[in-house]
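First the structure, in the form of structure tokens, and then the observations on it.
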Amino acid sequence: MLRTVTSHLSLDVRTPLEMHLAVAVADGSYDRSEVLTVRHEDGLLDVLEVKTGNGGRMHRVLAPAGRVVVDYQATVLGVADAPPLEDLDLIELRRPSRYADSDRLLAFARDQFGDLTGRPLLDAVADWVHGHVTYSPGSSLPTDGATDTLLKRRGVCRDFAHLTVALMRACDVPARLVSVYAPGLKPMDFHAVAEAFVDDRWQVVDATRLAPVGTLLRIATGRDATDTAFLSHYGGSLSLRSMTVTASVKDADDDGAGCLR
């Protein structure tokens, strides 16, 4: 499988700040070629790579005031090995988190999904979220969590993923959010999906059903959007002027029930 991805961010930095970018493809057992540049109107800025969990790579930039443009492009040949289960996952990823507030959904999840386990449980949760939540850009707030999505019944990909993760955790299954490049996604953007540890392996579902699961390419993995945001900043202010994301695939082998590769 050959996947090609790009992302372009144009930012207005009002006051100097520290910027964290999560736009680079995660490390994996595939061949990858890539270029990341962060350019200020006065020239290129230094970029420091920081390793995160599950092969993720965050890039730290100290940005002065002015126009800043981020460009990333990568070509990935092959697929990654299945992600391992870390001992801490069995503890941390069954707990509630900021946007996957599973402790508020315990009774609902147990009433709705009964005694289901394994992949049937994961499929049932994803089917319920898909069938009861409407994909509606601009309908949710950045501060919305899983319970907000359950009540509003509308949202974007991160809201679908947060609700799926929270419902799985409410059923005592380790689950997490993954940001991805998604060839075939319409409309094209950074995408978020859920990954749960069932039947002795990590398995991914996309309750939005907007992209082929078998072509997804991992960027960042974490408890929820707190750990996977494509852009965060500290110590100053900025505005996002524009963003463009592309993702394409050749020779895809779409295994909708498999691992994120």
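Would you look at the GNM of the chain, springs on alpha carbons closer than 10 Å, and say which of Gly184, Gly138, Gly155 moves the most?
Answer for the Gaussian network model of the chain: Gly138.
With +1 on each Lys and Arg Cβ and -1 on each Asp and Glu Cβ, how big is the dipole of the stretch 32-104 about its Cα centre, in debye rounded to the nearest 20? Intermediate values should be presented prior to the final figure.
Details: 10 positive and 13 negative charges, 34 e Å.
Once rounded to the nearest 20, the dipole reads 160 debye.
Would you mind working out the magnitude of the charge dipole of the chain relative to its Cα centre, with +1 at each Lys and Arg C-beta and -1 at each Asp and Glu C-beta, to the nearest 20 Debye? All intermediate terms of the calculation are to be shown ahead of the outcome.
Working: 28 positive and 36 negative charges, 135 e Å.
That gives a dipole near 640 debye.
Would you mind checking the stretch 153-186 for residues with the amide N under 20 Å from a putative spin-label position 7 Å along Cα→C-beta of Ser139?
153-167, 185-186
Relative contact order for the chain: what percent, with Cα pairs under 8 Å and sequence separation of 6 or more? Spell out each step's value before the answer.
On the way: 650 pairs, mean separation 74.9, N = 261.
So the answer I get is 29 percent.
Any lysines with Cα under 27 Å of the Lys186 Cα? List them, leaving off those in the same chain fewer than 8 positions away.
Lys152, Lys250
Sorting Tyr234, Tyr99, Tyr181, Tyr135 on the 10 Å Cβ count, fewest up front, what's the list? Don't skip to the answer; put the middle values down first.
Working: Tyr234 8, Tyr99 26, Tyr181 29, Tyr135 16.
The most exposed by this proxy come first: Tyr234, Tyr135, Tyr99, Tyr181.
If packing is taken as the average number of other Cβ atoms within 10 Å across a peptide's residues, how do 160-173, 139-152 rank, most packed first?
160-173, 139-152
Could you list which residues have their amide H under 5 Å from that of Val133, counting only those 5 or more apart in sequence or on another chain, with H placed in the peptide plane?
none
If the elastic network links every pair of Cα atoms under 10 Å, which of Pro84, Pro174, Pro96 fluctuates the most in the Gaussian network model of the chain?
Residue with maximal mean-square fluctuation among Pro84, Pro174, Pro96: Pro84.
Within the stretch 12-32, name every residue whose backbone N is under 20 Å away from a label modeled 7 Å from Cα of Lys51 along the Cβ vector.
Backbone N within reach: 21-32.
Amide H neighbours of Leu231 under 5 Å, at least 5 residues apart or on other chains, H built in the peptide plane: list them.
Ala22
Determine the shape class of the stretch 56-106: with a ≥ b ≥ c the square roots of the Cα gyration tensor eigenvalues, call it rounded for a/c under 1.5, and otherwise prolate if a/b is greater than b/c, oblate otherwise. Can you show the working numbers first?
Details: a/c = 2.99, a/b = 1.45, b/c = 2.05.
Judged from the Cα gyration tensor, the stretch 56-106 comes out oblate (a/c at least 1.5, b/c at or above a/b).
Specify whether the C-alpha gyration tensor of the stretch 89-227 places it in the rounded, prolate or oblate class, a ≥ b ≥ c being the square roots of the eigenvalues: rounded for a/c under 1.5, otherwise prolate if a/b is larger than b/c and oblate if not. It would help to have the intermediate numbers written out before the result.
Working: a/c = 1.43, a/b = 1.20, b/c = 1.19.
The shape class here is rounded.
Here, each number is a calculation from the coordinates, and none is a lab measurement. Quantities reported herein were computed from a predicted structural model and do not represent experimental measurements. Don't worry about glycine lacking a Cβ; one is built from the backbone with ideal geometry, like all the others, and counts go over all protein chains shown.
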